[in-house]
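Some notes on the structure that comes next.
The values are calculated or read from the model by the stated rules, or taken from the named source; none is laboratory data. A quick note: this is a predicted structure, and the numbers were derived from the prediction, not measured. Here the Cβ positions follow ideal geometry from the backbone for every residue, glycine too, while neighbour counts run over all protein chains shown. Accessible surface is based on the protein model in full, side chains and every heavy atom, while ligands, DNA and RNA are left aside. Shrake-Rupley method; radii C 1.70, N 1.55, O 1.52, S 1.80 Å.
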Amino acid sequence: MGIFTKFQKGFQKGAVVLHDAFSKISSRSKIGEEDLSFIEEALFQADFGVETTEEIIGRIIEENKSNSNFQSEDATQLAREVIKKILTGCEANLSFSENSKPQVICLIGVNGSGKTTTSAKLGYQINAQGKKVLLGACDTFRAAATEQLRAWADRLELECVFGHHGADSASVAFDAYTAGLARGSDLVIIDTAGRLHNKQNLMDELSKLKRVLRKKDGGAPHHSWLVVDGSTGMNGLEQAKIFNEKFGLTGLIVTKLDGTSKGGVLVSIYRELKLPIFYLGLGENPDDLQSFSIEYYLDSVLPLSAVVD
Ligand code: GDP
(Lines give C-alpha, C1' and ligand atoms only; values in the text may rest on other atoms or scores of the structure.)
Protein backbone atom coordinates (compact mmCIF):
# COMPACT_ATOMS: atom_id res chain seq x y z
CA MET A 1 0.00 0.00 0.00
CA GLY A 2 1.38 3.46 -0.92
CA ILE A 3 2.05 6.04 1.78
CA PHE A 4 -0.73 8.37 0.66
CA THR A 5 -3.21 5.47 0.68
CA LYS A 6 -2.14 4.74 4.25
CA PHE A 7 -2.78 8.38 5.17
CA GLN A 8 -6.20 8.20 3.51
CA LYS A 9 -7.10 5.05 5.40
CA GLY A 10 -5.66 6.44 8.63
CA PHE A 11 -7.71 9.61 8.53
CA GLN A 12 -10.76 8.16 6.86
CA LYS A 13 -13.02 8.48 9.90
CA GLY A 14 -12.35 12.21 10.25
CA ALA A 15 -12.60 12.64 6.51
CA VAL A 16 -16.05 11.03 6.42
CA VAL A 17 -17.36 13.25 9.25
CA LEU A 18 -16.06 16.39 7.54
CA HIS A 19 -17.09 15.30 4.08
CA ASP A 20 -20.67 14.72 5.28
CA ALA A 21 -20.89 18.23 6.71
CA PHE A 22 -19.16 20.06 3.86
CA SER A 23 -21.06 18.14 1.18
CA LYS A 24 -24.41 19.07 2.80
CA ILE A 25 -23.72 22.65 1.85
CA SER A 26 -22.13 22.08 -1.52
CA SER A 27 -25.32 22.68 -3.47
CA ARG A 28 -25.94 26.11 -1.89
CA SER A 29 -24.74 29.36 -3.34
CA LYS A 30 -24.70 31.07 0.07
CA ILE A 31 -23.97 29.57 3.45
CA GLY A 32 -26.52 30.00 6.24
CA GLU A 33 -26.51 29.56 10.03
CA GLU A 34 -27.55 25.92 9.83
CA ASP A 35 -24.76 25.11 7.38
CA LEU A 36 -22.24 26.70 9.69
CA SER A 37 -23.46 24.64 12.61
CA PHE A 38 -23.06 21.40 10.55
CA ILE A 39 -19.48 22.35 9.84
CA GLU A 40 -18.79 23.44 13.39
CA GLU A 41 -20.15 20.19 14.78
CA ALA A 42 -18.11 18.12 12.33
CA LEU A 43 -14.89 19.96 13.16
CA PHE A 44 -15.48 19.35 16.87
CA GLN A 45 -16.25 15.72 16.22
CA ALA A 46 -13.04 15.35 14.28
CA ASP A 47 -11.09 16.71 17.30
CA PHE A 48 -9.93 20.00 15.85
CA GLY A 49 -10.70 21.76 19.13
CA VAL A 50 -12.43 25.03 19.91
CA GLU A 51 -9.86 27.54 18.62
CA THR A 52 -9.26 25.91 15.25
CA THR A 53 -12.98 25.30 14.75
CA GLU A 54 -13.79 28.94 15.56
CA GLU A 55 -11.03 30.16 13.29
CA ILE A 56 -12.36 28.11 10.38
CA ILE A 57 -15.95 29.18 10.99
CA GLY A 58 -14.82 32.81 11.31
CA ARG A 59 -13.00 32.66 7.98
CA ILE A 60 -16.02 31.13 6.26
CA ILE A 61 -18.35 33.82 7.67
CA GLU A 62 -15.95 36.56 6.62
CA GLU A 63 -15.48 35.25 3.07
CA ASN A 64 -19.17 34.55 2.69
CA LYS A 65 -19.94 38.18 3.56
CA SER A 66 -17.19 39.94 1.68
CA ASN A 67 -16.95 37.84 -1.46
CA SER A 68 -20.05 37.92 -3.63
CA ASN A 69 -18.69 35.02 -5.69
CA PHE A 70 -18.20 32.83 -2.64
CA GLN A 71 -19.29 29.28 -3.38
CA SER A 72 -19.99 26.77 -0.66
CA GLU A 73 -17.22 24.57 -2.10
CA ASP A 74 -14.82 27.32 -1.10
CA ALA A 75 -15.48 26.45 2.55
CA THR A 76 -13.36 23.31 2.23
CA GLN A 77 -10.54 25.33 0.72
CA LEU A 78 -10.73 27.84 3.58
CA ALA A 79 -10.64 25.08 6.20
CA ARG A 80 -7.57 23.62 4.47
CA GLU A 81 -5.86 27.01 4.47
CA VAL A 82 -6.49 27.57 8.18
CA ILE A 83 -5.20 24.10 9.10
CA LYS A 84 -2.21 24.42 6.78
CA LYS A 85 -1.23 27.69 8.40
CA ILE A 86 -1.52 26.21 11.90
CA LEU A 87 0.59 23.20 10.93
CA THR A 88 3.29 25.15 9.10
CA GLY A 89 6.63 24.11 10.52
CA CYS A 90 5.40 20.89 12.13
CA GLU A 91 7.00 18.41 9.71
CA ALA A 92 10.12 17.06 11.37
CA ASN A 93 12.80 14.53 10.56
CA LEU A 94 15.40 13.01 12.80
CA SER A 95 18.95 14.00 11.94
CA PHE A 96 22.25 12.68 13.22
CA SER A 97 25.48 14.36 14.16
CA GLU A 98 28.80 12.60 14.71
CA ASN A 99 29.40 15.01 17.61
CA SER A 100 26.69 13.58 19.81
CA LYS A 101 26.76 9.84 19.62
CA PRO A 102 24.72 8.03 20.66
CA GLN A 103 21.70 10.24 20.38
CA VAL A 104 19.02 9.37 22.90
CA ILE A 105 15.29 9.49 22.25
CA CYS A 106 12.92 8.96 25.17
CA LEU A 107 9.44 7.88 24.22
CA ILE A 108 6.97 9.16 26.76
CA GLY A 109 3.23 8.68 27.13
CA VAL A 110 0.41 6.97 28.97
CA ASN A 111 0.04 3.19 29.07
CA GLY A 112 -1.24 1.70 25.88
CA SER A 113 -0.42 4.73 23.72
CA GLY A 114 2.00 2.63 21.68
CA LYS A 115 5.44 3.45 23.14
CA THR A 116 6.81 -0.08 23.14
CA THR A 117 5.56 -0.86 19.65
CA THR A 118 6.79 2.52 18.40
CA SER A 119 10.24 1.98 19.97
CA ALA A 120 10.57 -1.17 17.90
CA LYS A 121 9.18 0.34 14.70
CA LEU A 122 11.38 3.40 15.04
CA GLY A 123 14.44 1.27 15.75
CA TYR A 124 13.69 -0.80 12.67
CA GLN A 125 13.31 2.26 10.43
CA ILE A 126 16.46 4.01 11.61
CA ASN A 127 18.39 0.77 11.41
CA ALA A 128 17.21 0.35 7.83
CA GLN A 129 18.77 3.77 7.12
CA GLY A 130 22.15 2.27 8.02
CA LYS A 131 22.31 3.57 11.60
CA LYS A 132 23.17 1.42 14.58
CA VAL A 133 20.28 1.37 17.03
CA LEU A 134 19.94 0.08 20.56
CA LEU A 135 16.64 -0.23 22.42
CA GLY A 136 16.41 0.37 26.16
CA ALA A 137 13.50 -1.47 27.77
CA CYS A 138 12.91 1.01 30.59
CA ASP A 139 9.24 0.31 31.11
CA THR A 140 9.98 -1.98 34.03
CA PHE A 141 6.54 -1.30 35.53
CA ARG A 142 4.14 -2.83 33.01
CA ALA A 143 4.57 -6.58 33.40
CA ALA A 144 4.84 -7.51 29.73
CA ALA A 145 6.58 -4.42 28.35
CA THR A 146 10.14 -5.74 28.56
CA GLU A 147 9.19 -9.11 27.06
CA GLN A 148 7.27 -7.33 24.31
CA LEU A 149 10.23 -5.13 23.39
CA ARG A 150 12.66 -8.04 23.54
CA ALA A 151 10.42 -10.05 21.24
CA TRP A 152 10.33 -7.15 18.77
CA ALA A 153 14.10 -6.72 19.05
CA ASP A 154 14.65 -10.42 18.29
CA ARG A 155 12.29 -10.30 15.36
CA LEU A 156 13.79 -7.14 13.91
CA GLU A 157 17.38 -8.04 14.83
CA LEU A 158 17.89 -4.98 17.02
CA GLU A 159 20.04 -4.78 20.12
CA CYS A 160 18.12 -4.42 23.35
CA VAL A 161 19.17 -3.69 26.94
CA PHE A 162 16.67 -4.65 29.62
CA GLY A 163 16.27 -5.16 33.34
CA HIS A 164 14.06 -7.38 35.46
CA HIS A 165 10.41 -6.56 36.16
CA GLY A 166 10.23 -3.81 38.78
CA ALA A 167 13.88 -2.76 38.30
CA ASP A 168 14.80 0.90 38.58
CA SER A 169 14.04 2.25 35.12
CA ALA A 170 16.71 4.97 35.42
CA SER A 171 19.37 2.31 35.97
CA VAL A 172 18.19 0.41 32.88
CA ALA A 173 18.41 3.70 30.93
CA PHE A 174 21.91 4.22 32.30
CA ASP A 175 22.89 0.68 31.22
CA ALA A 176 21.33 1.20 27.79
CA TYR A 177 23.24 4.44 27.27
CA THR A 178 26.51 2.87 28.50
CA ALA A 179 26.04 -0.11 26.17
CA GLY A 180 25.15 2.19 23.26
CA LEU A 181 28.27 4.25 23.83
CA ALA A 182 30.51 1.19 24.15
CA ARG A 183 29.06 -0.47 21.04
CA GLY A 184 29.18 2.65 18.86
CA SER A 185 25.41 3.00 18.50
CA ASP A 186 24.09 6.02 16.66
CA LEU A 187 20.79 5.95 18.49
CA VAL A 188 19.48 4.70 21.81
CA ILE A 189 15.69 4.54 22.04
CA ILE A 190 14.36 4.52 25.58
CA ASP A 191 10.91 2.99 26.07
CA THR A 192 9.56 4.47 29.31
CA ALA A 193 6.75 3.45 31.65
CA GLY A 194 3.26 4.91 31.23
CA ARG A 195 0.89 4.47 34.14
CA LEU A 196 -1.31 7.49 34.59
CA HIS A 197 0.01 10.76 33.32
CA ASN A 198 -1.02 12.60 36.44
CA LYS A 199 0.65 10.21 38.85
CA GLN A 200 3.46 11.93 40.68
CA ASN A 201 5.57 8.76 41.03
CA LEU A 202 5.69 8.32 37.26
CA MET A 203 6.80 11.92 36.83
CA ASP A 204 9.45 11.44 39.53
CA GLU A 205 10.65 8.29 37.80
CA LEU A 206 10.88 10.09 34.45
CA SER A 207 12.76 13.00 36.02
CA LYS A 208 15.22 10.60 37.59
CA LEU A 209 15.71 8.84 34.26
CA LYS A 210 16.50 12.19 32.66
CA ARG A 211 18.93 13.16 35.44
CA VAL A 212 20.76 9.87 35.14
CA LEU A 213 21.12 10.20 31.36
CA ARG A 214 22.37 13.77 31.77
CA LYS A 215 25.19 12.53 33.99
CA LYS A 216 26.43 10.53 31.00
CA ASP A 217 25.78 13.23 28.40
CA GLY A 218 24.67 16.75 29.32
CA GLY A 219 22.58 16.95 26.13
CA ALA A 220 20.66 13.71 26.75
CA PRO A 221 17.93 12.88 26.15
CA HIS A 222 18.34 14.66 22.83
CA HIS A 223 14.70 14.07 22.06
CA SER A 224 11.71 13.50 24.34
CA TRP A 225 8.83 12.55 22.16
CA LEU A 226 5.28 12.11 23.31
CA VAL A 227 3.60 9.03 21.92
CA VAL A 228 -0.11 9.72 21.80
CA ASP A 229 -2.91 7.40 20.73
CA GLY A 230 -4.68 9.34 17.96
CA SER A 231 -7.95 7.58 18.70
CA THR A 232 -8.23 9.04 22.21
CA GLY A 233 -9.28 12.37 20.75
CA MET A 234 -8.83 15.58 22.70
CA ASN A 235 -7.56 13.62 25.70
CA GLY A 236 -4.31 13.53 23.74
CA LEU A 237 -3.99 17.30 24.11
CA GLU A 238 -4.36 17.05 27.89
CA GLN A 239 -1.68 14.33 28.00
CA ALA A 240 0.62 16.46 25.88
CA LYS A 241 0.20 19.50 28.15
CA ILE A 242 0.93 17.52 31.31
CA PHE A 243 3.95 15.63 29.99
CA ASN A 244 5.29 18.79 28.42
CA GLU A 245 5.01 20.68 31.68
CA LYS A 246 6.53 17.93 33.80
CA PHE A 247 9.11 16.43 31.47
CA GLY A 248 9.67 18.88 28.64
CA LEU A 249 8.75 17.41 25.28
CA THR A 250 10.55 18.02 22.00
CA GLY A 251 8.36 16.15 19.55
CA LEU A 252 5.28 14.12 18.86
CA ILE A 253 4.36 10.73 17.46
CA VAL A 254 0.67 10.00 16.90
CA THR A 255 -0.21 6.30 16.78
CA LYS A 256 -3.17 4.13 15.85
CA LEU A 257 -4.17 6.26 12.92
CA ASP A 258 -5.29 3.10 11.18
CA GLY A 259 -8.37 2.57 13.30
CA THR A 260 -10.82 4.83 15.00
CA SER A 261 -8.90 8.09 14.95
CA LYS A 262 -10.50 11.18 13.51
CA GLY A 263 -7.17 12.89 13.17
CA GLY A 264 -7.83 16.45 14.33
CA VAL A 265 -6.02 16.09 17.63
CA LEU A 266 -2.60 16.49 16.05
CA VAL A 267 -3.65 19.96 14.88
CA SER A 268 -4.86 20.79 18.39
CA ILE A 269 -1.57 19.62 19.94
CA TYR A 270 0.61 21.43 17.43
CA ARG A 271 -1.43 24.59 17.72
CA GLU A 272 -1.07 24.66 21.49
CA LEU A 273 2.44 23.30 22.07
CA LYS A 274 4.29 23.56 18.74
CA LEU A 275 5.72 20.08 19.17
CA PRO A 276 7.20 18.98 15.84
CA ILE A 277 5.48 15.87 14.49
CA PHE A 278 8.13 13.26 13.75
CA TYR A 279 6.05 10.20 12.90
CA LEU A 280 2.57 8.78 12.57
CA GLY A 281 1.67 5.19 13.39
CA LEU A 282 -0.47 4.14 10.45
CA GLY A 283 -0.61 0.42 11.20
CA GLU A 284 0.88 -2.38 13.23
CA ASN A 285 3.76 -3.34 10.94
CA PRO A 286 7.27 -1.92 11.41
CA ASP A 287 7.10 0.02 8.16
CA ASP A 288 3.75 1.55 9.09
CA LEU A 289 5.53 4.29 11.02
CA GLN A 290 5.60 7.18 8.56
CA SER A 291 6.90 10.73 8.51
CA PHE A 292 4.20 13.35 8.73
CA SER A 293 3.25 15.29 5.62
CA ILE A 294 0.94 18.32 5.80
CA GLU A 295 0.02 17.85 2.16
CA TYR A 296 -0.93 14.18 2.54
CA TYR A 297 -2.77 15.02 5.75
CA LEU A 298 -4.89 17.74 4.15
CA ASP A 299 -5.57 15.68 1.06
CA SER A 300 -6.72 12.84 3.32
CA VAL A 301 -8.80 14.72 5.88
CA LEU A 302 -10.21 17.47 3.67
CA PRO A 303 -9.78 16.39 0.06
CA LEU A 304 -10.81 19.04 -2.42
CA SER A 305 -12.46 16.86 -4.97
CA ALA A 306 -12.02 13.17 -4.20
CA VAL A 307 -15.08 11.37 -2.92
CA VAL A 308 -14.69 9.79 0.48
CA ASP A 309 -16.51 6.47 0.87
P1 GDP B 1 2.62 1.19 25.53
O2 GDP B 1 1.89 0.76 26.77
O3 GDP B 1 2.57 2.67 25.36
O4 GDP B 1 4.01 0.65 25.45
O5 GDP B 1 1.78 0.62 24.30
P6 GDP B 1 2.07 -0.62 23.32
O7 GDP B 1 3.23 -0.35 22.44
O8 GDP B 1 2.14 -1.88 24.13
O9 GDP B 1 0.77 -0.59 22.42
C10 GDP B 1 -0.51 -0.87 22.95
C11 GDP B 1 -1.31 -1.62 21.88
O12 GDP B 1 -1.50 -0.76 20.78
C13 GDP B 1 -0.60 -2.86 21.36
O14 GDP B 1 -1.56 -3.87 21.19
C15 GDP B 1 -0.05 -2.42 20.00
O16 GDP B 1 0.04 -3.48 19.09
C17 GDP B 1 -1.07 -1.40 19.58
N18 GDP B 1 -0.51 -0.37 18.69
C19 GDP B 1 0.55 0.43 18.87
N20 GDP B 1 0.74 1.27 17.82
C21 GDP B 1 -0.28 1.00 16.95
C22 GDP B 1 -0.67 1.56 15.67
O23 GDP B 1 -0.07 2.50 15.10
N24 GDP B 1 -1.77 0.98 15.09
C25 GDP B 1 -2.47 -0.02 15.70
N26 GDP B 1 -3.55 -0.50 15.08
N27 GDP B 1 -2.13 -0.52 16.86
C28 GDP B 1 -1.06 -0.04 17.49
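Couple of notes before you dig in:
- Listed by chain and number, the aspartates and glutamates whose C-alpha is less than 13 Å from the C-alpha of LYS241, apart from same-chain residues fewer than 8 away, are GLU272.
- Equivalent ellipsoid semi-axes, the chain, via Cα gyration tensor eigenvalues times 5, rooted, Å: 40, 18, 16
- A simple charge model with +1 on the Cβ of Lys and Arg, -1 on the Cβ of Asp and Glu and nothing else charged puts the dipole of region 13-133 at about 940 debye relative to its Cα centre.
- In the full protein context, region 14-142 carries 44 Å² of accessible surface per residue, based on a 1.4 Å probe and ignoring ligands, DNA and RNA.
- Taking CYS90, CYS160 and ordering them by how much accessible surface each has at a 1.4 Å probe, largest first, produces CYS160, CYS90.
- Inter-part distance, region 240-309 to region 89-132, computed on C-alpha centroids, equals 16 Å.
- Each Cα pair under 8 Å and six or more residues apart adds its sequence gap; the mean of these over the residue count of the chain is a relative contact order of 26 percent.
- For region 163-309, share of DSSP beta bridges that run antiparallel, in % to the nearest 5: 20 percent
- Value at 222 nm in deg cm²/dmol, rounded to 500, when DSSP H runs of n ≥ 4 in the chain each add -39,500 (n - 2.57): -15500 deg cm²/dmol
- The value given for region 146-207 is a Kirkwood hydrodynamic radius of 12.8 Å, derived from the mean inverse Cα-Cα separation.
- Span from the region 224-239 Cα centroid across to the region 1-20 one, whole angstrom: 19 Å
- Selected from GLY2, ILE86, ASN67, residue furthest toward positive end of dipole (region 1-126; charges at beta carbon): GLY2
- Point-charge dipole on Cβ atoms (K/R +1, D/E -1) for the chain, about Cα centre, debye to 20: 1040 debye
- Antiparallel %, DSSP beta bridges [both residues in the chain], to 5: 5 percent
- For region 22-102, diffusion coefficient by Stokes-Einstein and Kirkwood Rh (Cα), 4 °C, 1.567 mPa s, µm²/s: 90 µm²/s
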